[in-house]
Amino acid sequence: MTFATFFNPTRQTRVLPGFNLALGYTLVYLSLMVLIPLSAVFIKSATLSWSEFWAVVSAPRVVATYQLSFGASLLAAAINAVFGLMLAWALVRYRFPGKKLIDALVDLPFALPTAVAGIALTALYAGNGWIGSLLEPLGIKVAFTPLGVLVALVFIGVPFVVRTVQPILEDLETELEEAAASLGAHRWQIFRRVLLPILLPALLTGFALAFARAVGEYGSVIFIAGNIPMISEITPLIIITKLEQYDYVGATAVAVVMLVFSFLMLLFINLLQAWSAKRTGRNR
Amino acid sequence: MAAVAGVLHARVDARRYETNAATREAPWVRRLILGAALSFFVLFLLMPLLAVFAEALRKGWFTYVTALTDPDALSAIYLTLLVAAIAVPLNLVFGVVAAWTIAKFEFRGKRFLTTLIDLPFSVSPVIAGLIFVLLFGAQGWFGDWLFEHDIKIIFAVPGLVLATVFVTFPFVARELIPLMEAQGREEEEAAVVLGANGWQIFWRVTLPNIKWGLLYGVILCNARAMGEFGAVSVVSGHIRGQTNTLPLHVEILYNEYNFAAAFAVASLLALLAMVTLGLKSVIEWKANQGVTATD
Amino acid sequence: MSIQVEHIHKTFGQFVALDQVSVNFPDGALTALLGPSGCGKTTLLRVIAGLETADSGRVILDGEDASSTHVRQRQVGFVFQHYALFRHLTVFENVAFGLRVRPRRTRPKEAEIRLRVHRLLDLVQLDPLANRFPTQLSGGQRQRVALARALAVEPKVLLLDEPFGALDAQVRKELRRWLRRLHDELHITSLFVTHDQEEALEVADRVVLMHRGRVEQVGTPTEVYEHPASPFVYGFLGAVNTFHGRIDGTHLRVGEATLPHDGDAIHQGADAVGFTRPHELEIVTDLATPHGIEVILDRILTFGASARVELDSLPDADGRGEPTHYEVILPREKVDALGLVEGQRVRLVPSRIHVFPNQTA
C-alpha cells in the first residue's frame, strides 16, 4: 500500500491541492522533532534489565519524589479547581473594576518564564518576603519546604481550570436557570443540580490539565523547593541530578515512568474532552 | 493544552446575569465568591508579578541598568533572540502546514495525528531536554559521529534550538486547527471553481481568514520559546556568555546570590510576558470584532 | 453548453448517495434538481462541478468527457448554499477574484476588470454597494454577490446549490423571479438544487426529481405535476389524497365503493393505490350516487377565494383502525351552494384519479 492510498482509502481525487505534500511534510517534521527523539528514551531504557529498571525507579529517594510530585500536584490541581471555578464565575457573571486586566493576567503563568515565576515566588514566601514575613510568626514556613512546592504548582496551574470552564459558562443559556427557578429551585439547588453537572466535564478537564502540567513542572519549583532529598525534591529534579552525575540510564528510567504517566494523562484528557464536547454540544 | 491557552473567544456582558433574578446570587454569596476569587488572584498572580519589579529595583536604577548592560546579560539577550528567531519560524511553517492538512482534508488517522502533535505539551520540559542529550550527547546515539566530525549540538546553540522547537512544537498548529476546521472549506472550494491555484488559494483566501489566529499562536509560541527554562537548562551546559539564554542567566545570577541582578534580568522577561498578554488581548479584541460583525 | 451524466455512482461509506444516475441537461435550459434532503441532488451538482468525484460513471460537458477534468478547467460557475463569500474582500473584490487569479497572459487589464465587475454588479443591482464587505450585506444581497462572482468568469454552466435556502420567504419569492429573468437574459445552461417543489415548478424549464439517489422523473413542470411517474413524485409535488384498493375493470374498488380511474395498464384484480389532488375531488351530497366513497365531513376551513374541506372515512364495521383523512379544495361559493355542514355524510367523487400498483403489498 502506498503512502497516498493508506491515508486516502477512498482514493477520492481531492479538489483542494497540496494534500500529499502537506501530509508528508507534517509527518516527517513530526517524526524528526518529536517521535524519534521521544523514542530514544524508551530505547535507551531497554538497555536495562527489568530488575535493574525496577531498582532505579523504586529507590527510596526516587519514590519520595513521586510522593511529593504527584501529591503536591493533585492538591494544587484541586485548589485550582475550586478557586479557578470561582474566578471563572466572577469573570463571566460579575462586573467589577479591573475585570479586563484580571482576565488578561489569568494567562500570566503561560506567558511568564517559569524561572522568573520561581524566583518571584521564593522572594514572596521566604522568611523576609512580603507574604513569608506574615506567615513566619504563625509558625508557617513555605519557602524551602514541600508547602513551597505546592505554592509554585498552584501558580502554574491557574489558567487551566479558568480557561476550560470560562467558555462553557459563557455559552450557558440563561433559560436553563430561569426554567429551574420557575420550577421552584433555590439558587444553590440550581447550581448543584443544573449548572455543576454541565460544568463538570470542563472542570475535570481543567483539573487534569493542571495536574499533568504540575507533575512535569521544573522551573518554577526548584527555586522555592529547597530541593532537600527525601523531603522537598521533585521527580524532574531527580532526572537532572542523575544527568549531572552522568547516570544517563538512571535518568532515562525515571523519565520512562514520567512519560508513561504523561501518555495516560493525555489519553484520559482526550476522553474527558470528548465527554465534555458531547455533554455541552460544543466542539473543541 | 494550548487548547486552553488559546482559542479566540468572545466575552459576554455580565450585566445580563446581574439583572436577571434567576441567574443572580444573594449579595453575600456574590461578595464571598468575588472576595475569594480576587484574593486568589492577588495572592498567586498579581503579587509574584509585582515582586519581580520590586526586587529588581530594590537596589536602585543604577544596579538595575548595570545588570542589564553586563556583557553576559547582553549575550544572553542575543542568544535568546537568536533561538526564538529560528525556532518560532520553524514551528510557524509546521503549524500552518499541519493545520491545512488536518482541517481541509479527510483522511484516516486524523484524530490520532492531532493527538501526536499535542504530545510535547504533556512531556516534562526536563525530559524534552533529556531526549536530545540521549541522541546527540557525548554518550548519545550520534555522539561519536558528531565528535569525529567536530559538530557540537549539546552544550551548544543547536541543542538549545532543538529543545526549544520541541517544547513550542504544538503552539501554532493547536491554535489554527480548530479555527480552520470551524471555517470549513467552502471559501477555498469557491476559489478553486473560480480558477485559483494552490498558492493563490492559500495567500488570497486562507491566510487572510486565519491571520489573527496565526498571530495569536506565534505570540504564545514566542513567549514560551524565549522563556523556556527546564529543557534548555538540560542541553545548555550553562556556559556563561556562550550557551546562556535569559532564563538560564537569571538562574546563575540567583544561585550566586546576586538577587538584584537576577531580578533585573527577570524583569525583562516579565515585561515580555506582559507585552505578550497585552498583544493577546488586542488580538482577541480584533478577532472578535470580525466575528461579531458577521452576525 | 449541454451536460450529460452517465451512470454516475457515488457512495459515502455505506451510504449510496447516487445510484447509477443518468440525465441529460439540454443547452440553455434552467433545470431544477428537486428532491427531499438526502436524495443526492447536491452530490450530483457537486459531481458535475468537479467538487466531488464519482466512484464510477461519466460527466460529459459539451459532448466531451470531463470526468477527469479538474474543477478549475471545467468552466462552471458555482453558487454555494451559504454563498462562501470571501469575508476579507469587498463585494467588488469578491466579484473580481476569478479574473485576478488568472495567469498573467489571460488576465484582463485592470481597467477591463473594473468594467466587467461593475457591469456585473449593475446586473445584480448591487453597484452602489461595491465597497462593502460581505458581513455588511443582507442575505439576499450576499446571494446576488455570489451569483455575480460566479458569472464573472464567464462560465458555460451555472450551478446553484439551494440558492434560496437560507433566505426568508419574502426575499425568496423576489429572488426567484429575478433569477428567472436573469436566465432569460443570459440563456446560460443552469442547474439549481432545491427541496421546495413550488420553487422548482415556478422557476425551472425542466425538473429532475430525485429520490434516494435515483432519478424518479424528468420533465417540464407541467408534465411532472400533471403526470407524475411514481407515487413518490405524486406525494412530493403537492397535497394528495390516496385510496387503497383493488383494480376492478375501469374502477378502483375501495371497500364497497367504486372510483373510476384513468385506466393505466395495471392488471385486473391487482392491489393498487389511487392518487388524486385536493382540487380533483368533488363532494356530492346525494348519497345515492353510484360512484364515490362515503365519508364524514370533519371541518370546513374558509379563507380567501377557496375553501378547504377535511373529511374522514367511515369507521370500520368493527370500529377499529384509524380513519383515513381526505382533503378537498373547492371554490367558496360551492361550499355555500352545497350547504355543507360539519358532521354531515357525503360522497367523494374524483374527477381524475391516477393508480399505481401497491408496492407495499
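The values are calculated or read from the model by the stated rules, or taken from the named source; none is laboratory data. Just so it is clear, the model here is predicted, and its values are computed rather than measured. A quick note on method: Cβ atoms are made from the backbone with ideal geometry, for glycine too, and the neighbour counts reach across all protein chains shown. In case anyone asks, the SASA skips ligands and DNA or RNA and just uses the protein heavy atoms, side chains included. Shrake-Rupley method; radii C 1.70, N 1.55, O 1.52, S 1.80 Å.
Side notes on the structure shown:
- Qualifying residues in segment B:37-64 (those that are β-branched (Val, Ile, Thr) and in contact (Cβ under 8 Å) with a residue 24 or more places away in the chain) - the one most open to solvent (accessible area, probe 1.4 Å): B:THR63
- Residues (touching a Lys or Arg at 6+ places or on another chain (Cβ under 9 Å) and surrounded by fewer than 16 Cβ atoms within 10 Å (Cβ to Cβ)) located in segment C:95-126: C:ARG107, C:PRO108, C:GLN125
- Flag if C:ARG72 is under 20 Å from C:GLU154 (Cβ atoms) and not in a loop (DSSP other than H, G, I, E, B): yes
- Residue list for segment B:130-158, restricted to those being more than 13 Å from A:LEU243 (Cβ to Cβ) and open to solvent by less than 30 Å² (accessible area, probe 1.4 Å): B:LEU135, B:GLY143, B:LEU146, B:ILE153, B:ALA156
- Scope segment B:17-34; condition surrounded by 13 or more Cβ atoms within 10 Å (Cβ to Cβ) and part of a loop (DSSP other than H, G, I, E, B); matching residues: B:ASN20, B:ARG24, B:GLU25
- Within segment B:121-164, the residues that satisfy the criterion of being at the interface with another protein chain (Cβ under 8 Å from one of its Cβ atoms), under 19 Å from the mean Cα position of the chain (by Cα) and among the small types (Gly, Ala, Ser) are B:SER122, B:SER124.
- Test: residue in segment B:222-233 that is more than 11 Å from chain A (Cβ to nearest Cβ) and at pLDDT below 95: no
- Output for segment A:233-284, where each listed residue is buried (at least 21 other Cβ atoms within 10 Å of the Cβ), polar (S, T, N, Q) and modelled with pLDDT of 90 or more: A:THR235, A:THR252
- Sole exception among (1) modelled with pLDDT under 95; (2) within 28 Å of B:TRP28 (Cβ to Cβ) for A:VAL154, by number: (1)
- Those helices (runs of 4 or more DSSP H) of segment A:144-195 in which 3 or more residues are open to solvent by less than 30 Å² (accessible area, probe 1.4 Å) occupy A:146-171, A:174-182.
- Taken over segment A:20-52, residues that are outside any helix (DSSP H, G or I) and open to solvent by less than 80 Å² (accessible area, probe 1.4 Å) amount to 3.
- Conditions (1) surrounded by fewer than 17 Cβ atoms within 10 Å (Cβ to Cβ); (2) part of a helix (DSSP H, G or I); (3) more than 9 Å from chain B (Cβ to nearest Cβ); (4) not hydroxyl-bearing (Ser, Thr, Tyr); number of the one not met by A:LYS141: (2)
- Evaluated against (1) facing chain A (nearest Cβ under 9 Å); (2) open to solvent by less than 20 Å² (accessible area, probe 1.4 Å); (3) over 19 Å from the mean Cα position of the chain (by Cα); (4) within 30 Å of A:ARG14 (Cβ to Cβ), B:GLY109 falls short on exactly one condition, (2).
- Within segment B:16-36, residues that are within 7 Å of chain A (Cβ to nearest Cβ) have Cβ atoms under 7 Å from residues that are of a type in the set (A, V, I, L, M, F, W, C) and outside any helix (DSSP H, G or I) in these pairs: B:LEU34/A:PHE96, counting only partners at least 6 apart in sequence or on another chain.
- Identity of the residue in segment C:152-166, open to solvent by less than 20 Å² (accessible area, probe 1.4 Å) and not acidic (Asp, Glu), that ends up farthest from C:ARG114 (Cα to Cα): C:PHE164
- Of C:SER37, C:SER22, all but one fail to be under 20 Å from the mean Cα position of the chain (by Cα) and outside any strand (DSSP E or B); the exception is C:SER37.
- Annotation note: Cβ proximity below 8 Å between a residue of segment A:230-246 that is at the interface with chain B (Cβ under 10 Å from one of its Cβ atoms) and over 15 Å from B:PRO125 (Cβ atoms) and a residue that is part of a helix (DSSP H, G or I) and of a type outside the set (Val, Ile, Thr) (sequence gap 6+ or interchain) occurs for A:LYS242/A:TYR248; A:LYS242/A:GLY250; A:LYS242/A:ALA251.
- The residue that is farthest from the other protein chains (Cβ to nearest Cβ), counting only those in segment B:179-203 that are open to solvent by 20 Å² or more (accessible area, probe 1.4 Å), closer than 19 Å to B:VAL93 by Cβ and touching a residue at least 60 places away in the same chain (Cβ under 8 Å), is B:LEU179.
- Scanning segment A:73-126 for residues that are open to solvent by less than 10 Å² (accessible area, probe 1.4 Å) and of a type in the set (Gly, Ala, Ser) turns up A:SER73, A:ALA76, A:ALA77, A:GLY84, A:ALA88, A:ALA90, A:ALA111, A:ALA115, A:ALA117, A:GLY118, A:ALA120.
- Total residues in segment A:161-198, condition touching a residue at least 24 places away in the same chain (Cβ under 8 Å) and touching a Ser or Thr at 6+ places or on another chain (Cβ under 8 Å): 4
Rundown of residues vs (1) within 23 Å of the chain's Cα centre (by Cα); (2) closer than 18 Å to A:VAL82 by Cα, yes/no style:
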| residue | (1), (2) |
| --- | --- |
| A:GLY132 | no, no |
| A:LEU135 | no, no |
| A:THR145 | yes, no |
| A:GLY148 | yes, no |
| A:GLY157 | yes, yes |
| A:THR174 | no, no |
| A:ALA179 | no, no |
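- Flag for C:ASP127 being more than 8 Å from every other protein chain (Cβ to nearest Cβ), charged (D, E, K, R), more than 27 Å from C:ASP27 (Cα to Cα) and more than 28 Å from the chain's Cα centre (by Cα): yes
- Filtered residue count, segment C:64-88, keeping only those that are more than 23 Å from the chain's Cα centre (by Cα) and within 7 Å of another protein chain (Cβ to nearest Cβ): 6
- Qualifying residue in segment B:144-153 (condition: under 21 Å from A:LEU30 (Cβ atoms) and modelled with pLDDT of 85 or more): yes
- Scanning segment C:188-195 turns up no residue that is of a type in the set (S, T, N, Q) and open to solvent by 10 Å² or more (accessible area, probe 1.4 Å).
- Taking strands (runs of 3 or more DSSP E) as the structural unit, those lying wholly within segment C:200-276 and holding at least 1 residues that are among the aliphatic types (A, V, I, L, M) and under 12 Å from the mean Cα position of the chain (by Cα) correspond to C:206-211, C:214-219.
- Residue list for segment B:210-221, filter: open to solvent by 10 Å² or more (accessible area, probe 1.4 Å), more than 10 Å from every other protein chain (Cβ to nearest Cβ) and of a type in the set (A, V, I, L, M): B:LEU214, B:LEU215, B:VAL218
- Qualifying positions in segment C:277-294 - assigned to a strand (DSSP E or B) and over 26 Å from C:VAL233 (Cβ atoms): C:ILE283, C:VAL284, C:GLU294
Conditions (1) open to solvent by 50 Å² or more (accessible area, probe 1.4 Å); (2) within 28 Å of C:VAL346 (Cα to Cα), marked per residue:
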position	(1), (2)
C:LYS173	yes, no
C:ARG177	yes, no
C:GLN217	no, no
C:GLU226	yes, yes
